[in-house]
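The structure appears right after this line, and notes come after that.
The values are calculated or read from the model by the stated rules, or taken from the named source; none is laboratory data. Since this is a predicted model, take the numbers as computed values, not measurements. Neighbour counts are summed over all protein chains in view; Cβ atoms, including those assigned to glycine, are modelled from backbone coordinates with ideal geometry. Accessible surface areas use protein heavy atoms only, side chains included; no ligands, DNA or RNA. Shrake-Rupley method; radii C 1.70, N 1.55, O 1.52, S 1.80 Å.
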Amino acid sequence: MTEKVSASDIRASFSSAMSAMYREEVPAYGTLMELVARVNQQALASYPELKSRLEATDNLQRISEERHGAIRLGTAAELAMMRRIFAVMGMYPVGYYDLSTAAVPVHSTAFRPVGEEALKRNPFRVFTSLLRLDLIADEALRQEAQAVLAERQIFTPDAGSLTEKAEREGGLGKEDAASFVSEVLETFRWHEKANVELSMYHRLHDAHRLIADVVSFKGPHINHLTPRTLDIDKVQALMPEYGVAPKAVVEGPPTRKCPILLRQTSFKALEEPVSFQDGEGGWQAGTHTARFGEIEQRGVALTPTGRALYDKLLDDTRKIARPAADGSNAAAYETALAETFKAFPDDWASIRSQGLGYFTYALTEKAEHTAPASFDLDTLIAEGFIRFDPVVYEDFLPVSAAGIFQSNLGDGAQQEFEASPNQKRFEADLGAKVLNEFDHYAGIEKTSLEACLNALQKRAAAE
């Protein structure tokens with residue numbers, strides 16, 4: 001019987017292949033990688049506590065390999081097949097994101113590994129959006145877009161057959177796994193020839209730039225690939241030095257000693273040459289703007305209580321200053337953000353004690369030699385038997401994602417859509433339920449705490 005390659009190893013191979021392809025397609029991505037590596041090395045040298053915490057949680061090695069990508073799909077069938085393909089790589093749908101609330105006509109999930117060991121091996125994520133054609137007001141245009149999408153096939157035949165083989169046989173052997181990576185990579189490749197005439201592209205573009213991006217091409221080209229930095233403010237400041245123009249403001253929470261959730265920045269989307277059909281069997285020159293570079297800094301995953309406070313403070317900030325697409329009020333927005341977020345505690349002990357974030361628990365060296373008198377968690381922490389570390393937020397922020405979309409799609413006059421969340425429809429199209437991220441993080445915290453208490457109680461009983 002052929003030995004199977006682990007899903008995590010297939011995922012790591014795919015992530016590496018995707019990174020190499022994107023570096024070739026978008027040279028500025030390579031520049032970002034160099035910048036992020038430099039900043040991360042400086043951050044680890046400057047903040048010994050950060051380095052020791054990452055080493056203690058086995059997260060240090062994964063930082064340099066960490067990536068997330070993003071794709072936009074056009075049909076339910078594409079989404080369902082993508083779910084099956086990602087499952088072969090050990091990636092599962094986590095969370096539901098309705099971006100219509102931010103005037104982006106998609107709803108989304110994040111495919112990613114969910115187990116601790118899988119995340120340590122390779123934490124590759126793909127934020128995957130499905131176009132909401134129902135949000136296009138022009139019925140004729142909606143039907144034309146549906147017809148174009150219905151005719152395209154974004155997966156190679158071998159990608160489909162290898163996925164079926166993996167499902168049937170419980171995995172893939174070495175040769176098949178290599179072929180699978182190669183075939184699936186074709187789905188994410190950039191295509192310089194459009195599926196539509198230039199006139200239709202303009203009509204789609206006028207409805208929303210993202211609609212044009214999804215409908216007009218043979219496949220869902222990867223529109224960004226994102227490395228993880230330990231100091232996003234430093235990256236933002238240094239981007240111009242590397243010949244890269246950053247977006248005006250960093251999305252997400254303000255600069256903090258104890259990072260929460262997710263902060264993101266990017267460089268402006270590239271205007272790239274594209275050939276459009278001319279209706280007579282030939283091609284007509286044009287351009288398309290979609291692909292960009294993005295960088296992220298990840299903090300602690302927040303509980304529902306913490307997330308509610310975060311959402312309130314972000315909403316309060318935007319009542320004072322809403323970031324303009326052209327960056328003209330960036331300084332005012334950042335000042336308001338910093339001032340408003342003073343209401344969110346900025347030390348790990350307070351975030352934990354107030355139930356705002358998720359943490360993992362581990363026994364200290366003292367616990368190896370001494371039995372505690374009390375099994376109250378706060379007492380165990382205060383007396384040095386248990387230490388706690390923040391659980392990394394592995395998911396995304398709808399407002400942050402939409403902010404990146406808007407800034408890179410040139411929304412001088414932003415199109416508006418009525419907020420229209422429809423998780424039930426999304427899951428029907430997906431062919432599966434999405435994992436609730438809060439339940440997932442709570443489970444990680446609970447498991448680690450129970451392991452600590454069980455070990456301490458066994459020690460106490462033995463003595």
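Some notes on this structure:
- Length-normalised contact order of the range 194-266 in % [C-alpha pairs under 8 Å, at least 6 apart]: 21
- Residues D278, D429, sorted by accessible area with the largest first, give D278, D429 [1.4 Å probe; ligands and nucleic acids excluded].
- Reachable lysines from K268, criterion Cα separation under 21 angstrom, eight or more residues apart if same chain: K234, K247
- Available extension along the chain between A285 and A338 is 14.5 nm, counting 0.36 nm per residue and deducting the alpha carbon span.
- Carbon plus sulfur fraction of accessible area for the range 88-144, probe 1.4 Å, in percent: 49
- Accessible area per residue, Å², the range 272-396 with all protein chains present, probe 1.4 Å: 45
- 222 nm mean residue ellipticity, helices alone, for the chain (DSSP H n ≥ 4; -39,500 (n - 2.57); rounded to 500): -14500 deg cm²/dmol
- Compactness index (Cα Rg / 2.2 N^0.38 Å), the chain: 1.03
- Put simply, when 188-198, 107-117, 121-131 are sorted by average Cβ atoms within 10 angstrom per residue, most first, you get 121-131, 107-117, 188-198.
- Distance in nm between pseudo-label sites at D347 and T156 (7 Å out along the Cβ direction from Cα): 5.7
- When only alpha carbons are used to place a centre, the range 219-274 and the range 109-164 end up 23 Å from one another.
- When you restrict to C-alpha pairs under 8 Å that are six or more residues apart and normalise by the size of the chain, the relative contact order lands at 19 percent.
- All distinct Cα pairs of the range 75-198 go into the 1/r average, and the inverse of that average, the Kirkwood radius, is 16.4 Å.
- When K165, K51 are compared by accessible surface with a 1.4 Å probe, the order from highest to lowest is K51, K165.
- Degrees, to the nearest 10: 437-462 long Cα axis against longest axis of the chain: 20
- The range 269-380, accessible surface, carbon-and-sulfur percent (1.4 angstrom probe): 50
- In this rough spin-label picture, where each label sits 7 Å from Cα along the Cβ direction, the H369-D439 distance is 4.4 nm.
- Hull-based mean projected area of the range 77-142, where the convex hull spans the alpha carbons, in square nanometres: 5.3
- Spin-label model, K458 to E49: label points 7 Å out along the Cα-to-beta-carbon direction sit 3.3 nm apart.
- Rounded tilt (10° steps) of 398-408 against the dominant C-alpha axis of the chain: 40
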